[in-house]
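Working notes, structure below.
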Amino acid sequence: MAAQLVIVYHRQPYEEVVENGNVVLRENRSPNGIVPVLKGFIGQVDSASWIAWKKAPAGKAPGFERRVQVSDSYGTYEVLRLPLQAEQINQFYHVTSKEALWPVLNSFPSMYTSENTQWATFREVNRLFAEAACEEAAPGAVVWVHDYNLWLVPRFVRALRPDLKIAFFHHTPFPAPDVFNLLPWRDEILDNLLCCDLVGFHVPRYACNFAAVVQGLREVRDVRWEPTPEGLAPCGSALAEPRTPTSLRVGSQVVHIDAFPIGTHARLIEQTMAAPQSREQVARIRAGMAGRKVIVSVGRVDYAKGTRELLLTYERLLRRRPILHGQVQLLLTAVAAADGMRVYRRAQQAIEQSVGRINGHYGTLSWQPVVLSTTPMTFQETMAYFRAADVCWITPLRDGLNLVAKEFVAAHDARDGVLVLSEFAGTALELSDAVLVNPYSISQMDAAIDRALDMEPGEQQARMRRMQQHVQHYDIEFWTRHVLRWFETLRQPRVEAPAEALS
């Protein structure tokens with residue numbers, strides 16, 4: 001099938017489950033994160049394909065069809081599955097992506113190591129993704145590549161199919177030059193990004209960092225800038241920028257730059273919470289709280305997510321304010337990393353040890369200070385806990401955006417609720433009515449959770465109302481329209497940035 005839009009992302013856009021001995025492709029039970037965001041584009045174009053990997057045995061036939069057609073609530077589309085062997089997956093994702101690239105992206109250079117990295121394997125996997133994309137794409141189609149582990153796809157696509165338009169979106173932070181330039185492969189990575197027609201980021205800071213990297217490593221003829229779009233804080237917080245780059249020229253190549261944060265599925269969340277089973281579950285959760293104030297925090301095991309720092313703050317809270325013993329409870333979801341992710345073992349051990357210490361020291365037979373889950377909840381369950389909770393605590397040390405914060409706002413009613421949010425999450429530029437905090441500061445973290453627990457209902461309502469207005473307006477449909485305008489613009493002989501902005 002010749003597709004107008006080819007989405008290149010390493011994960012398959014569905015779950016594989018075995019029913020009656022047969023493998024069935026089923027929509028993800030937890031439709032949050034990148035996959036449903038991207039699937040929202042499928043019904044917006046005449047034809048779409050998705051490129052992903054699927055594990056295959058070494059030295060044998062894959063044992064699965066390389067191409068499948070999927071029809072679900074998002075539309076009908078093709079999925080081209082790359083058969084990758086275990087060692088390829090390990091090198092591409094577990095080692096190179098997570099041990100070498102991830103620490104640099106998140107500005108943790110002390111965590112960086114290339115000791116076990118086989119860059120040639122990483123490059124080869126990227127080449128396979130690129131060839132598959134070119135196989136699927138109609139003449140003049142848009143190939144939309146997602147995230148840093150596919151940084152090397154654009155140059156292969158450009159060489160194989162110069163007729164195609166190439167867009168790239170970073171779901172992660174993008175570091176400043178002094179951190180990015182630690183990478184020994186920086187020139188190859190940059191050459192690939194400079195093959196793109198459009199490079200996208202969530203917020204202006206990361207677009208600025210990208211422009212600064214290019215200016216430092218290449219001779220740039222022209223960089224164009226615009227004021228930071230309305231709706232994003234231009235100053236006053238850790239990630240704020242007064243202006244953002246919109247394009248740059250290196251040689252004959254013009255690369256357009258977009259900084260526009262993804263929205264959440266506000267309408268879906270509203271429909272989910274209106275369902276009788278959701279209302280019943282919220283009632284059960286609140287009844288089980290027994291009058292306690294409940295703090296919820298949802299994330300995955302990752303040193304960049306700041307879960308250890310959050311737990312240390314909670315421990316200090318119980319030490320400082322013994323009156324809260326038995327009156328407050330932290331519901332913490334820290335989803336464990338997949339097998340083979342050595343880089344996260346230490347982070348998971350630190351989380352489990354902290355939870356054990358807190359519960360052992362402060363817990364009683366009738367009260368457990370922290371309830372920890374390392375398995376993911378379904379979407380409906382997560383939204384029910386968000387609605388029932390008094391406080392949502394999201395304080396990553398670094399984050400490209402953090403959709404969880406927006407989901408809490410969308411799921412919660414405007415009567416109450418407080419969001420404690422790190423300044424280093426991209427969404428902090430949008431949700432200024434959250435209790436914003438520097439997670440590297442012990443005193444600020446202590447003050448933030450105190451303020452959240454003690455905030456008067458009237459102030460809670462006013463803040464939540466303003467955040468909900470923003471989240472509902474700048475939802476996933478708003479972002480989808482913005483990106484589709486970009487795709488249409490790229491197909492024009494002379495490219496100009498879409499005029500609409502966050503306003």
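The values are calculated or read from the model by the stated rules, or taken from the named source; none is laboratory data. Keep in mind that what you see is a predicted model, and the values were worked out from it rather than measured. Counting neighbours? That spans all protein chains shown, and the Cβs are built from the backbone with ideal geometry, glycine included. Areas reflect the complete protein model, heavy atoms only, side chains present, ligands, DNA and RNA absent. Shrake-Rupley method; radii C 1.70, N 1.55, O 1.52, S 1.80 Å.
Students often get this wrong, so check it: of Lys39/Lys406; Lys54/Lys98; Lys305/Lys406; Lys98/Lys305, which have C-alpha atoms separated by over 26 Å? Display every interim value, and only then the final one.
On the way: Lys39/Lys406 19 Å; Lys54/Lys98 19 Å; Lys305/Lys406 16 Å; Lys98/Lys305 14 Å.
Over 26 Å Cα-Cα: none of the listed pairs.
Can you tell me how much longer the chain between Asp46 and Asp178 gets when fully stretched, taken as 0.36 nm per residue apart minus their C-alpha distance, in nm with one decimal?
Values: separation 132, 0.36 × 132 = 47.52 nm, distance 4.32 nm.
Fully extending the segment from Asp46 to Asp178 adds 43.2 nm.
In debye, nearest 20: dipole of the range 10-95 around its Cα centre with unit charges on the Cβ of K, R (+) and D, E (-)? List each step's numbers first, then the result.
Numbers: 10 positive and 9 negative charges, 47 e Å.
Computed about the Cα centre, the dipole is about 220 debye.
Picking from Gly140, Ala414, Leu317, whose Cα lies most toward the positive end of the charge dipole for the chain (charges on Cβ: Lys, Arg +1; Asp, Glu -1)?
It is Leu317.
Which whole-number percent gives the relative contact order of the chain, counting Cα pairs below 8 Å spaced six or more residues apart? Provide the component values of the computation, followed by the final result.
Working: 954 pairs, mean separation 63.7, N = 503.
Reported relative contact order: 13 percent.
Three principal axis extents, largest first, for the C-alpha atoms of the range 138-260, in Å?
For the range 138-260, the Cα spread along each principal axis is 45, 31, 28 Å.
Can you work out D for the range 69-217 in µm² s⁻¹ from Stokes-Einstein, where Rh is the Kirkwood radius over C-alpha pairs, the temperature is 37 °C and the viscosity is 0.692 mPa s?
Estimated diffusion coefficient is 203 µm²/s.
Work out how much length Gln271 to Glu15 would gain on full extension: take 0.36 nm times their residue separation and subtract the Cα-Cα distance, in nm to one decimal.
The span from Gln271 to Glu15 would gain 89.9 nm if fully extended.
About the Cα centre of the chain, what is the dipole size in debye to 20, counting +1 per Lys and Arg Cβ and -1 per Asp and Glu Cβ, all else neutral?
On the way: 53 positive and 54 negative charges, 144 e Å.
Its charge dipole is roughly 700 debye.
Going by a ≥ b ≥ c, the root eigenvalues of the Cα gyration tensor, does the range 346-400 fall in the rounded group (a/c under 1.5), the prolate group (a/b larger than b/c) or the oblate group? Numbers along the way, then the final one.
Details: a/c = 1.87, a/b = 1.21, b/c = 1.55.
In terms of gyration-tensor shape, oblate.
From the alpha carbon gyration tensor of the range 226-332, can you work out the equivalent ellipsoid semi-axes (sqrt of 5 times each eigenvalue) and give them in Å, largest to smallest? Could you put the intermediate results ahead of the total?
Values: eigenvalues 331, 106, 34 Å².
Rounded to whole Å, the semi-axes are 41, 23, 13.
Note the per residue figure in Å³ for the convex hull of the C-alpha positions in the range 1-139. Please list the in-between numbers first.
On the way: hull volume 19.7 nm³, N = 139.
Looking at the range 1-139, the number lands at 142 Å³ per residue.
If amide hydrogens are placed 1.01 Å from N in the peptide plane, which non-local residues have theirs closer than 5 Å to the one on Arg300?
For Arg300, whose amide H was placed from the backbone, the distant partners under 5 Å are Val335.
Where only protein heavy atoms count, and the probe is 1.4 Å, what is the accessible area per residue for the range 188-246 in Å²?
Numbers: 2290 Å² over 59 residues.
The answer is 39 Å² per residue.
Based on the mean of other beta carbon atoms within 10 Å per residue, what is the order of 88-98, 244-254, most packed first?
Numbers: 88-98: 20.8, 244-254: 16.8.
Packing order, densest peptide first, comes out as 88-98, 244-254.
Taking loop as defined by DSSP and a crowding limit of 11 other beta carbons within 10 Å, which GluC sites (Glu not before Pro) in the range 46-95 fit? Mind showing how you got there, number by number?
Numbers: sites: Glu65, Glu78, Glu87; in loops: Glu65.
Passing sites in the range 46-95 are Glu65.
Below 8 Å between Cα atoms, with a sequence gap of 6+, how large is the relative contact order for the range 359-503 in percent? Working shown, then result.
Numbers: 167 pairs, mean separation 26.4, N = 145.
That works out to 18 percent.
Could you tell me whether the range 327-429 comes out rounded, prolate or oblate from its Cα gyration tensor? Rule is a ≥ b ≥ c as square roots of the eigenvalues, rounded for a/c under 1.5, then prolate if a/b exceeds b/c, otherwise oblate. Intermediate values should be presented prior to the final figure.
On the way: a/c = 1.72, a/b = 1.14, b/c = 1.52.
Oblate, because a/c is 1.5 or more while a/b does not exceed b/c.
Take each uninterrupted DSSP H stretch in the chain, measure its Cα extent along the helix axis, and return the ones at 27 Å or beyond whose mean Kyte-Doolittle hydropathy is at least -1.0.
Numbers: long enough: none.
Counting only whole DSSP H runs, no helix qualifies.
By how many nm would the segment from Arg66 to Ser110 grow when fully extended, if each residue of separation counts as 0.36 nm and the alpha-carbon distance is taken off?
On the way: separation 44, 0.36 × 44 = 15.84 nm, distance 4.00 nm.
Contour length minus Cα-Cα distance gives 11.8 nm.
How are the C-alpha pair distances of the range 371-475 spread across 10 Å bins, as whole percents from the shortest bin up?
Pair shares across the bins are 15, 48, 34, 3.
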